[in-house]
Amino acid sequence: MARTHRAVVIDEGWRTGSLAAEISARLTEQRFYDLDAPVERVCSVEVPMPYARRLEEAALPQVGGVVAAARRAVGEPLPTGADTPERPPVSGRSG
């Protein structure tokens with residue numbers, strides 16, 4: 001943060017009440033005037049952790065979401081359609 005004046009916090013926990021929330025709050029409280037952009041958080045989807053591997057992958061933070069948060073933090077424009085974190089497709093029965 002000292003060089004870029006930006007922060008991206010990545011956590012496999014939920015966004016609400018997570019370690020990422022505490023770290024973001026402390027960064028904002030202690031280094032507010034050093035930040036050039038809001039602290040970005042990339043967290044899991046707020047659902048109970050599924051047992052199935054594909055659903056677990058869909059619930060956890062993915063590379064696309066981390067890249068999107070980093071780009072938002074530095075003010076870089078996102079490619080069209082990349083404003084939401086990428087999630088792998090969940091295959092199911094087609095009807």
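Given the criteria out of contact with any strand residue (DSSP E or B) (no Cβ under 9 Å at 6 or more places or on another chain) and assigned to a helix (DSSP H, G or I), does Tyr33 qualify? Before you say what the answer is, go through the steps one by one.
Values: out of contact with any strand residue (DSSP E or B) (no Cβ under 9 Å at 6 or more places or on another chain): yes; assigned to a helix (DSSP H, G or I): yes.
Yes.
Got a sec? Which of Glu12, Glu29 is open to solvent by 80 Å² or more (accessible area, probe 1.4 Å), within 12 Å of the chain's Cα centre (by Cα), acidic (Asp, Glu) and modelled with pLDDT of 90 or more? Break it down into steps so the answer makes sense when it comes.
Values: Glu29 fails: within 12 Å of the chain's Cα centre (by Cα).
Step by step, each of Glu12, Glu29 is checked, and only Glu12 is open to solvent by 80 Å² or more (accessible area, probe 1.4 Å), within 12 Å of the chain's Cα centre (by Cα), acidic (Asp, Glu) and modelled with pLDDT of 90 or more.
What number of residues in segment 37-61 are in a loop (DSSP other than H, G, I, E, B) and either touching a residue at least 60 places away in the same chain (Cβ under 8 Å) or out of contact with any Lys or Arg (no Cβ under 6 Å at 6 or more places or on another chain) (or both)? Please lay out each step first, then the result.
Filtering segment 37-61 for residues in a loop (DSSP other than H, G, I, E, B) gives 37-39, 45-52, 60-61.
Okay, now just the ones that are also either touching a residue at least 60 places away in the same chain (Cβ under 8 Å) or out of contact with any Lys or Arg (no Cβ under 6 Å at 6 or more places or on another chain) (or both), so 38-39, 45-52, 60-61.
Looking only at that region, the number is 12.
For residues that are in contact with a helix residue (DSSP H, G or I) (Cβ under 8 Å, 6 or more places away or on another chain) and either farther than 17 Å from Gly13 by Cα or of a type in the set (Asp, Glu) (or both), tally how many sit in segment 39-52. Give the derivation first.
If we filter segment 39-52 for residues that are in contact with a helix residue (DSSP H, G or I) (Cβ under 8 Å, 6 or more places away or on another chain), which is where we start, we get 39-45, 47, 49-50.
Checking which are either farther than 17 Å from Gly13 by Cα or of a type in the set (Asp, Glu) (or both) leaves us with 40.
Residues meeting the conditions: 1.
The values are calculated or read from the model by the stated rules, or taken from the named source; none is laboratory data. These figures come from a predicted structure and were not determined experimentally. With ideal geometry, Cβ positions are generated from the backbone for all residues, glycine too; neighbour counts draw on all protein chains shown. Side chains included, ligands, DNA and RNA excluded: accessible areas come from the protein's heavy atoms. Shrake-Rupley method; radii C 1.70, N 1.55, O 1.52, S 1.80 Å.
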